[in-house]
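Mind looking over this structure? Questions follow.
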Amino acid sequence: MSVRNYLAALALSSATLLPIVAAAQSAKIDVGEGVTVDIKKEGPLRIAFFSEGANNSAMQASIDGAKRAAGELGWQIDVFDGKFDAVTQLNQLQNALNRNYDAWVLKAVEGNIMCSVATKDAPAKNVLVVVSVLSICGRGANEGEALWSPGTLAYVGGAETPQAFFQVLDRMGRENPGPQKLGVLTGPELNPITKNHEAALKLFQSKYPDIKVVAVARTDYSTPSALEKAGPMVQANPDMTLYYTAFSNLAKGLVPVLEQAGLNGKVKIYDNGATAWAVDAIKDGTVAVSSANRLGSNAYNAVKAIDRARKGESLSRAIGDLGEPLVEGKPPTDPYLIGTSNVSTFKPEIE
């Protein structure tokens, strides 16, 4: 064989082997409906973490959890603050498509707007997506595996569904029988999690018709906003006996208003979030019950799910905050409701 023919044969042989070598170095990840995403099996990944915001302790807990997981894995992670603005976050997602990320963790500001880019555009660009906390594509009010959107690896969460929020309200109804007046502090009107709170309230009103919702104050989920909105509500309704707060930051803003009105100890607060503040408030009797919010664990396990998938582990399409399969009809975390009986052993993840 001439030198020229030998070199040509060698080049052909090398070209034939290249796809085999490349295939051995990547994993095909099923994201549903016959679509797969190729992701390298070994070595560090470059991931994007899209947070709906970054201006409160809950969002910071999520960001810290994602960074902790990425640090343990030796991965690069870039955090994007959606500023609670759907257009801002959508632009961030679209721009990220051209920045060579291996995977995303998405905490959507609004699930419908982010649907196509997360379930169609991202996998078409070979980007693996995990959805965290808020389900997308119109599935936010679903339960269990129905929270997962095809085109993504998995959904991680479950503590923000109507049924999860209803557990707090159901506890309130059972512990306070008979006619009552209820005040509600919730979030912005169009926020998907706010909508889930409202769906839970409808279930509650159907089951406990003696408890009347007489006032609703909308906030941006921050303590200053709650402090501002609670004042007029409490002043106009001094005979309310129960309060439901959509997040512990709101209860924190409500309490000084009640104290100023001389109502501290005369009303009961049922809350969501179980922050460090709420835990102390349960211990001193200011708050009756709060639901466990493990946003740090949620983000941590969302990042870890990417690594588990590329290693060939079979994952549930719906994963709870603590990394276990999410089962419809069961609490998303254990324990979920925090009251006087178990507060001493509960460790909050949010300040």
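The values are calculated or read from the model by the stated rules, or taken from the named source; none is laboratory data. These figures come from a predicted structure and were not determined experimentally. Here Cβ is always computed from backbone atoms with ideal geometry, including for glycine, and neighbour counts include all displayed protein chains. Surface areas here come from the heavy atoms of the whole protein model, side chains and all, with no ligands, DNA or RNA. Shrake-Rupley method; radii C 1.70, N 1.55, O 1.52, S 1.80 Å.
Farther than 30 Å from Gln235 by Cα and either assigned to a loop (DSSP other than H, G, I, E, B) or without any contact (Cβ under 8 Å) to a residue 24 or more places away in the chain (or both), is that true of Ala159?
Yes, satisfied.
State whether the residues of segment 205-223 include one that is within 23 Å of the chain's Cα centre (by Cα), under 24 Å from Asp284 (Cα atoms) and of a type in the set (Phe, Trp, Tyr).
Scanning segment 205-223, I find at least one residue that is within 23 Å of the chain's Cα centre (by Cα), under 24 Å from Asp284 (Cα atoms) and of a type in the set (Phe, Trp, Tyr), so the answer is yes.
Which of the residues belonging to segment 166-195 are open to solvent by less than 10 Å² (accessible area, probe 1.4 Å), modelled with pLDDT under 95 and assigned to a helix (DSSP H, G or I)?
Within segment 166-195, Thr194 is the sole residue that qualifies.
Right, here's the next one. Scan (1) on the phi > 0 side of the Ramachandran plot; (2) open to solvent by 30 Å² or more (accessible area, probe 1.4 Å) for the single condition Lys229 breaks and write down its number.
(1)
Ser225 - would you say it is part of a strand (DSSP E or B) and among the small types (Gly, Ala, Ser)?
no
Consider segment 138-149. How many of its residues are part of a loop (DSSP other than H, G, I, E, B) and open to solvent by 30 Å² or more (accessible area, probe 1.4 Å)?
6
Against the definition (open to solvent by less than 80 Å² (accessible area, probe 1.4 Å), modelled with pLDDT under 95 and of a type in the set (Asp, Glu)), how does Glu160 come out, yes or no?
On the way: open to solvent by less than 80 Å² (accessible area, probe 1.4 Å): yes; modelled with pLDDT under 95: yes; of a type in the set (Asp, Glu): yes.
Yes; evaluated as a whole, the condition is true for this residue.
For segment 196-222, how many residues are of a type outside the set (Asp, Glu) and in a loop (DSSP other than H, G, I, E, B)?
So the answer is 5.
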